[in-house]
Amino acid sequence: MSPKILTIAAGAAAAVWLSYTPAQAQSPLPGGGTARAGGSGVVQARYVAPTTRYAHGVLGDAIEAGGLAVRDASGKSHVFMLPEDSVFEDITPRLADLDGDGGAEVIVVRSYLTRGSALAVFGMRGGEFVRIAETAPIGRSARWLNPAAIADFTGDGRLEVAIVKTPHIGGTLEFWRLTGGKLSRIAGLSGFSNHVIGSRELGLAAVGDVDGNGIADLVLPAADRRALVAVSLAGGRARELGREALPAPVVGRVSVSGQNASAILAGGRRTSVTFGDLRG
């Protein structure tokens, strides 16, 4: 028997025909996780429809996701299937209320087979699950970005998404905000990484108030992963607060408590650093 063809919305006013059976469309991404949130928007999200159509393997295997399955606050399930030109090159979606309406949006990494990765935001609009906004892709195949954190980095009460573009080749840290249905770049700094190529660990960054001003800061590795760097976006201006050298490259999860940060280094040892006297 030939597979059934599903017609699944691929945008606010578009549809795409894809050769997935209903079972394939709901099959979870191997090793993927499920994100959960409260509120009136999306309350659960996971990647589905495993595919090998993008031979990049930055996350350690050749399997990416062709779809995004969510459940909204009313209990209704939705599946968004990508066209054949792209995949979700990620492990677990992120849920956060980016527009302040009381309901979470879904923040994902969408990678185009010929143009590389883009940051994309999906969510509920008029009872339908749609793509809300997306940045331009990096511009070349096999060029990836990794979200670092989501927090109010400016101190104005709105959330920003911090990402590192091309974290393996001189990465650029960028801060993006969802405003009026569009993603706007707030600021950026060059010379960072938050991923080891081929690794499944995506947590090489952490949020904390390093300088004690009541506003979230971001701590992540420098481009060579041999230093931890604290970055502030207070007032909308990105600046480095401090940098502490490490005896080996960061390979695992970063954590922050006040001026203290720690990370797992090559060899499996966790090492701690202190960002000096940054508090006024």
Sort out which residues of the stretch 150-175 are farther than 15 Å from Gly116 by Cβ and crowded, with 24+ Cβ neighbours inside 10 Å, and write them in order of number. Phe153, Glu160, Val161, Ala162, Leu173, Phe175
Which one of Arg94, Arg53, Arg143 is more than 26 Å from Val219 (Cα to Cα) and at pLDDT 95 or above? Arg53
Selection within the stretch 245-260 - out of contact with any Gly (no Cβ under 8 Å at 6 or more places or on another chain) and either open to solvent by 30 Å² or more (accessible area, probe 1.4 Å) or β-branched (Val, Ile, Thr) (or both): Ala245, Pro247, Val250, Val251, Ser255, Asn260
For Gly116, indicate whether it is out of contact with any helix residue (DSSP H, G or I) (no Cβ under 8 Å at 6 or more places or on another chain) and crowded, with 17+ Cβ neighbours inside 10 Å. yes
Just to check your reading of the model, which residue among Ala222, Ala216, Ala263, Ala230 is open to solvent by 10 Å² or more (accessible area, probe 1.4 Å), out of contact with any Cys (no Cβ under 7 Å at 6 or more places or on another chain) and modelled with pLDDT of 95 or more? Ala216
Please find, within the stretch 38-66, the residue that is farthest from Gly100 (Cα to Cα) out of those that are under 16 Å from the mean Cα position of the chain (by Cα) and small (Gly, Ala, Ser). Ala65
Taking only pairs six or more apart or across chains, which ones have beta-carbon atoms under 8 Å, a first residue in the stretch 122-141 that is surrounded by fewer than 15 Cβ atoms within 10 Å (Cβ to Cβ), and a second residue that is aliphatic (A, V, I, L, M)? Arg125/Ala12; Arg125/Ile132; Glu128/Ala9; Glu128/Ala12; Ala136/Ala118
Given the conditions (1) acidic (Asp, Glu); (2) closer than 17 Å to Ala148 by Cα; (3) at pLDDT below 95, report the number of the one that Asp209 does not fulfil. (3)
Would you confirm, using the coordinates I've provided, whether Ile186 is open to solvent by 50 Å² or more (accessible area, probe 1.4 Å) and in contact (Cβ under 8 Å) with a residue 12 or more places away in the chain? yes
Leu202 fails exactly one of the following numbered conditions: (1) in contact (Cβ under 8 Å) with a residue 24 or more places away in the chain; (2) surrounded by 23 or more Cβ atoms within 10 Å (Cβ to Cβ). What is the number of that condition? (2)
Would you confirm, using the coordinates I've provided, whether Val164 is more than 14 Å from the chain's Cα centre (by Cα) and either of a type in the set (D, E, K, R) or farther than 20 Å from Gly100 by Cα (or both)? no
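The values are calculated or read from the model by the stated rules, or taken from the named source; none is laboratory data. Just so you know, these numbers come straight off a predicted model, no measurement behind them. All Cβ positions, glycine included, derive from the backbone under ideal geometry; neighbour counts span all protein chains shown. Note: areas computed on protein heavy atoms with side chains; ligands, DNA, RNA excluded. Shrake-Rupley method; radii C 1.70, N 1.55, O 1.52, S 1.80 Å.
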